[in-house]
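Peer 1: Here's a structure for you.
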Amino acid sequence: MSLIDNPDQARRLARAIISDVAIYNREKVEEGIKNDNIFELLTDELEEGRQHFISRVTPELAGANIFDLAVVDVLIKRAGKIESSIW
């Protein structure tokens, strides 16, 4: 399997990985948003997702902040409807 070298494809992959993390850890996401500790609660899951992302893209794209931006876009922005003191 060849590595992804297209930034758009890499962004889609990152968003898909984070979407899966969010779906399979819905309760942790809600609790993490409510208590402003989402990154602590999902440390293992996000690291596993990051490693999967890195294994599928070229080193240049792995070194970009594509995965981190996907975390914000998918986990944080979509969670805006959850009651929290952070917003």
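The values are calculated or read from the model by the stated rules, or taken from the named source; none is laboratory data. Quick caveat: nothing in here was measured; it's all calculated off a predicted structure. All Cβ positions, glycine included, derive from the backbone under ideal geometry; neighbour counts span all protein chains shown.
Peer 1: Yes or no: region 32-40 includes at least one residue that is modelled with pLDDT of 95 or more and more than 10 Å from Ala14 (Cα to Cα).
Peer 2: yes
Peer 1: Return the residue satisfying two criteria in turn: it lies in region 56-87 and is of a type in the set (D, E, K, R) and part of a helix (DSSP H, G or I), and of such residues it is modelled with the lowest pLDDT.
Peer 2: Lys81
Peer 1: Moving on. Say we look at region 2-41 and pick out the residues that are within 14 Å of Ile76 (Cβ to Cβ) and β-branched (Val, Ile, Thr); which of these is surrounded by the fewest Cβ atoms within 10 Å (Cβ to Cβ)?
Peer 2: Checking each candidate, the answer is Val21.
Peer 1: So which residues in region 2-37 are closer than 18 Å to Pro59 by Cα and free of Cβ contacts under 8 Å to residues at least 12 places away in the same chain, if there are any at all?
Peer 2: Ser2, Asn6, Asp8, Gln9, Arg12
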